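Here the structure is laid out as structure tokens; the discussion comes afterwards.
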Amino acid sequence: MGPPVIETRGLTKTYGSGRPAVEGLDLSVPAGSIFGFLGPNGSGKTTTIRMLMGLIQPTAGGARLLGEPMPAAARRVLPRIGALIEGPALYGFLTGRANLLRYDAADPTADPRTRAARVTAALERVGLAAAAGKRARAYSLGMKQRLGLAAALLQPRDLLILDEPTNGLDPQGMREIRGLVRELAADGTTVFLSSHLLDEIEQVCTHAAVMSSGRLITQGTVAGLAAGARGRLAVTTPDTADAVRILKEHGLADLVVTGDRVTGELPPGTDGGEPDPADLNAALVVAGVRVRAFGTERPSLEDVFVALTGEGFDVAG
Amino acid sequence: MSRADTRADTQADGELGVSGDRAPRPLWSLGLLRNELGTTFRRRRTLMLLAVLACVPVLVGIAVRVQTADGGGRGGPAFISLVTNNGLFLVFTSLAATLPVFLPMALAVVAGDAIAGEAGAGTLRYLLVAPAGRTRLLLVKYAAALAFSLAATLVVAASALIVGVLLFPLGEVTLLSGTAVPFTEGLLRALAVAGMVALSLTGVAALGLFVSTLTGSGIAAMATTVGLVLTAQILDALPQLAAVQPYLFPHYWLSFADLLRDPVYWDDIRSNLGLQAVYVLLFGSAAWARFTTRDITA
Ligand SMILES: Nc1ncnc2c1ncn2[C@@H]1O[C@H](COP(=O)(O)OP(=O)(O)OP(=O)(O)O)[C@@H](O)[C@H]1O
Ligand SMILES: [Mg+2]
């Protein structure tokens, strides 16, 4: 692996006087990854992205993007980064196409000779070619989001920073964005995306980090994060009472009976691994429990997320 | 990981990467200015402001015509009595009528909205990450405001010239000092006056730009700038404040009339230009200091 594409050290931001919005953030985004940045509302995701892009000055700490310090090297670094920050922002009185032409003109490294062609390609890539001549004021939320994405794709980029890119998109649009993200990553672009949609992160991301109240709780590969939470065993049987007793004897916790289904959390094994489900199944059968279905359920990223950030979905004040 | 792997990876993730080697080019940097000018002058709001300004000479011209048809010639403000003899004086009259309020107000809309409007719409953050560069963006916005001042002045002058030609006689121009000069020289002096009027507005443009860096609301910035222009004009008219008036930006504005003397009387013109330069430097650096350090959260 090369050096991290995004690396922050003790990154901290306090707006005015109050609780820090982001505190002591040490983030490391490996090159080539699709990195999911998770956290409840108000946990500091957008604030972090604003600092990375040099829009706001960190109160403490610093960040390196593509190996260069930000915001000192902004002029060299930013042209290689495409970004969608807190939703799209457009000139309502300009057409979709004119919006992109303007954003491209703002980049001093963008060749004006290829501008028209690159704008057309970006519009096609996000499926907006047909609406390119319409004033952006008349765009729907999803169309605005697509135009914002197109602006991030005006050039080949080394890094894409996408703050909730599927916000406002229809299911078809979300699928397209996921496909697009995979495609870009396959071409070698590192993608850093924040989202609330956990199954979306689980579907596309290779790595993830979880924020809560401005602090980084964990980061790593998605597989590694999911493995951190324990799996659950699910048994379908008419003899639920016996099944619960046997499973409890074998150390399963949090046993829940719903109809003819018993589920429980697998205990941590003595040597780090979980007990072999085959042994549990055998124990049930030996005790005369009629097992109709038996299996373990992998914990979803959502389970991990809720376990890490707390069950409540309230915004931390 | 073997050494060969490391080298391959460094090549893949190193300096060039997917986006290749892209260096800023000075010529390409002008693209934003071109786009800003195009966006400003194609915007309906700008065209409306210019259209309103173009109407002022029409109203003045008709008023003078009606008044003189009444058997008038009752004096009135500077130049007006001269318009009936020579349509070219409608240019000077119209500029004198629009410079105190209409022109700076129109400019306040454009300059006040320059940064604040982009901040309010959120487009500022995308320009900055493009990356437009904060200093470059500020310069581009100031240049566009100056271009608007010049365009607005020329629109007033051109409209006045057309109305003057249609409603009044033309011919030799009698200057304020009494000397008569040929019509073509009068035309050149009219052009110089228009240039002087546009230069008189550079201070307001810098003031508006500074106000624009203070807030995230375009409307608030426009209103504040218009308020400051009106306040300065009122203060400049109060006799009790004679001591501070030489430092108010509109104080020497009407000095452009001195271009219509022979020989040209330069003192007040020089004071005007000097005062505008001070305002540009002062509010220009204030705007720069503010904008280059400000957190952009909108
Ligand atoms: N401009 C601002 N001024 C003051 N406080 C702010 C500002 N922007 C954000 N905050 C505060 O900083 C904290 C983090 O906000 P941030 O927008 O970074 O959260 P987020 O993780 O992006 O949330 P969401 O998922 O809702 O987008 C919040 O407590 C918020 O109230
Ligand atoms: Mg956010």
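The values are calculated or read from the model by the stated rules, or taken from the named source; none is laboratory data. Owing to the predicted nature of the structure, the values given are computational and were not obtained by experimental measurement. Cβ sites come from the backbone with ideal geometry, for glycine too, and all protein chains shown count toward neighbours. With ligands, DNA and RNA removed, areas are computed over all heavy atoms of the protein, side chains included. Shrake-Rupley method; radii C 1.70, N 1.55, O 1.52, S 1.80 Å.
Of the conditions (1) away from chain B (no Cβ under 14 Å); (2) more than 16 Å from ligand 1 (Cβ to nearest atom); (3) touching a residue at least 60 places away in the same chain (Cβ under 8 Å), A:THR221 fails just one. Which one is it?
(3)
If we scan the stretch A:15-31, do we find a residue that is acidic (Asp, Glu) and farther than 23 Å from A:THR206 by Cβ?
There is at least one residue in the stretch A:15-31 that is acidic (Asp, Glu) and farther than 23 Å from A:THR206 by Cβ.
Right, A:ALA98: in contact (Cβ under 8 Å) with a residue 24 or more places away in the chain and closer than 20 Å to B:VAL140 by Cβ or not?
No; evaluated as a whole, the condition is false for this residue.
Please pick out the residue among B:SER81, B:SER94 that is assigned to a helix (DSSP H, G or I) and either crowded, with 24+ Cβ neighbours inside 10 Å or of a type outside the set (Ser, Thr, Tyr) (or both).
B:SER94
Can you tell me which residue among B:SER255, B:SER285 is of a type in the set (S, T, N, Q), assigned to a helix (DSSP H, G or I) and exposed (fewer than 13 other Cβ atoms within 10 Å of the Cβ)?
Criteria check complete, one pass: B:SER285.
Going residue by residue through the stretch A:67-78, is there one that turns out to be under 25 Å from the mean Cα position of the chain (by Cα), at the interface with another protein chain (Cβ under 7 Å from one of its Cβ atoms) and closer than 25 Å to A:PHE192 by Cα? Even if it seems obvious, please write down each step before you answer.
Applying the first criterion (under 25 Å from the mean Cα position of the chain (by Cα)) to the stretch A:67-78 yields A:67-71, A:74, A:77-78.
Filter once more, keeping what is at the interface with another protein chain (Cβ under 7 Å from one of its Cβ atoms): A:74, A:78.
Subset that is closer than 25 Å to A:PHE192 by Cα: A:74, A:78.
Looking through the stretch A:67-78, at least one residue is under 25 Å from the mean Cα position of the chain (by Cα), at the interface with another protein chain (Cβ under 7 Å from one of its Cβ atoms) and closer than 25 Å to A:PHE192 by Cα.
Answer yes or no: is there a residue in the stretch B:260-281 that is surrounded by 20 or more Cβ atoms within 10 Å (Cβ to Cβ) and modelled with pLDDT under 90.
Yes.
Please go through the stretch A:144-157 and pick out each residue that is closer than 11 Å to A:LEU90 by Cα, open to solvent by less than 10 Å² (accessible area, probe 1.4 Å) and aliphatic (A, V, I, L, M).
A:LEU147
Need at least 3 residues that are more than 16 Å from ligand 2 (Cβ to nearest atom) and out of contact with any Phe, Trp or Tyr (no Cβ under 8 Å at 6 or more places or on another chain) per element, so show me which strands (runs of 3 or more DSSP E) inside the stretch A:1-119 make the cut, counting only ones lying wholly within it.
Per the criteria, A:6-13, A:60-65, A:68-70.
Which of the residues that make up the stretch A:177-213 are within 14 Å of chain B (Cβ to nearest Cβ) and within 16 Å of ligand 1 (Cβ to nearest atom)?
Listed by number, the list holds a single entry, A:PHE192.
Report whether or not B:THR215 is within 16 Å of ligand 1 (Cβ to nearest atom), open to solvent by less than 50 Å² (accessible area, probe 1.4 Å) and away from chain A (no Cβ under 14 Å). Reasoning before the result, please.
On the way: within 16 Å of ligand 1 (Cβ to nearest atom): yes; open to solvent by less than 50 Å² (accessible area, probe 1.4 Å): yes; away from chain A (no Cβ under 14 Å): yes.
Yes: the conditions hold for B:THR215.
Return yes or no: is B:VAL52 modelled with pLDDT of 95 or more and surrounded by fewer than 19 Cβ atoms within 10 Å (Cβ to Cβ)?
In short, yes.
Specify the residue that is most open to solvent (accessible area, probe 1.4 Å); the eligible residues are those in the stretch A:159-216 that are within 15 Å of ligand 2 (Cβ to nearest atom) and of a type in the set (Ser, Thr, Tyr).
Filtering the stretch A:159-216 for residues that are within 15 Å of ligand 2 (Cβ to nearest atom) and of a type in the set (Ser, Thr, Tyr), the one most open to solvent (accessible area, probe 1.4 Å) comes out as A:SER213.
Tell me, yes or no, whether the stretch B:215-236 has at least one residue that is more than 22 Å from the chain's Cα centre (by Cα) and of a type in the set (Asp, Glu).
Checked the stretch B:215-236: no residue is more than 22 Å from the chain's Cα centre (by Cα) and of a type in the set (Asp, Glu).
Please pick out the residue among A:SER17, A:SER33 that is within 16 Å of ligand 1 (Cβ to nearest atom) and either small (Gly, Ala, Ser) or under 20 Å from the mean Cα position of the chain (by Cα) (or both).
Residue meeting the stated conditions: A:SER17.
Tell me which residues, restricted to the stretch A:57-66, are within 8 Å of chain B (Cβ to nearest Cβ) and surrounded by 20 or more Cβ atoms within 10 Å (Cβ to Cβ). Outline the logic, then answer.
In the first step, residues of the stretch A:57-66 are kept if they are within 8 Å of chain B (Cβ to nearest Cβ); the result is A:57, A:66.
If the condition is that a residue be within 8 Å of chain B (Cβ to nearest Cβ) and surrounded by 20 or more Cβ atoms within 10 Å (Cβ to Cβ), then A:LEU66 is the only one that fits.
Yes or no, residue by residue, for (1) more than 15 Å from ligand 1 (Cβ to nearest atom); (2) buried (at least 21 other Cβ atoms within 10 Å of the Cβ); (3) facing another protein chain (nearest Cβ under 10 Å); (4) under 28 Å from A:THR8 (Cα atoms):
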{"residue": "A:GLY42", "(1), (2), (3), (4)": "no, no, no, yes"}
{"residue": "A:GLY54", "(1), (2), (3), (4)": "yes, yes, yes, yes"}
{"residue": "A:LEU94", "(1), (2), (3), (4)": "yes, no, yes, no"}
{"residue": "A:THR120", "(1), (2), (3), (4)": "yes, no, no, no"}
{"residue": "A:VAL126", "(1), (2), (3), (4)": "yes, yes, no, no"}
{"residue": "A:ARG135", "(1), (2), (3), (4)": "yes, no, no, no"}
{"residue": "A:GLY142", "(1), (2), (3), (4)": "yes, no, no, no"}
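Select, from B:GLY61, B:GLY31, B:GLY17, B:GLY72, the only residue that is touching an Asp or Glu at 6+ places or on another chain (Cβ under 6 Å) and either at pLDDT 75 or above or surrounded by 12 or more Cβ atoms within 10 Å (Cβ to Cβ) (or both).
Unique residue meeting the criteria: B:GLY17.
For the stretch A:150-176, which positions are in contact with a helix residue (DSSP H, G or I) (Cβ under 8 Å, 6 or more places away or on another chain) and within 12 Å of chain B (Cβ to nearest Cβ)?
Result: A:ALA150, A:ALA151, A:LEU153, A:LEU154, A:GLN155, A:ARG157, A:ASP158, A:LEU159, A:LEU160, A:ILE161, A:ASP163.
Would you please name the residue that is nearest to B:LEU95 (Cα to Cα), looking only at residues in the stretch B:166-189 that are out of contact with any helix residue (DSSP H, G or I) (no Cβ under 9 Å at 6 or more places or on another chain) and open to solvent by 60 Å² or more (accessible area, probe 1.4 Å)?
Ranking the qualifying residues of the stretch B:166-189, first place goes to B:LEU188.
All but one of (1) of a type in the set (A, V, I, L, M); (2) more than 10 Å from chain B (Cβ to nearest Cβ); (3) open to solvent by less than 10 Å² (accessible area, probe 1.4 Å) hold for A:ALA89; state the number of the condition that does not hold.
It is condition (2) that A:ALA89 fails.
Would you pick out the residues in the stretch B:218-246 that are under 25 Å from B:THR123 (Cβ atoms), open to solvent by 40 Å² or more (accessible area, probe 1.4 Å) and not aliphatic (A, V, I, L, M)?
B:THR224
Which condition number in (1) surrounded by fewer than 21 Cβ atoms within 10 Å (Cβ to Cβ); (2) under 19 Å from the mean Cα position of the chain (by Cα); (3) within 12 Å of chain B (Cβ to nearest Cβ) is the one that A:ILE49 fails?
(1)
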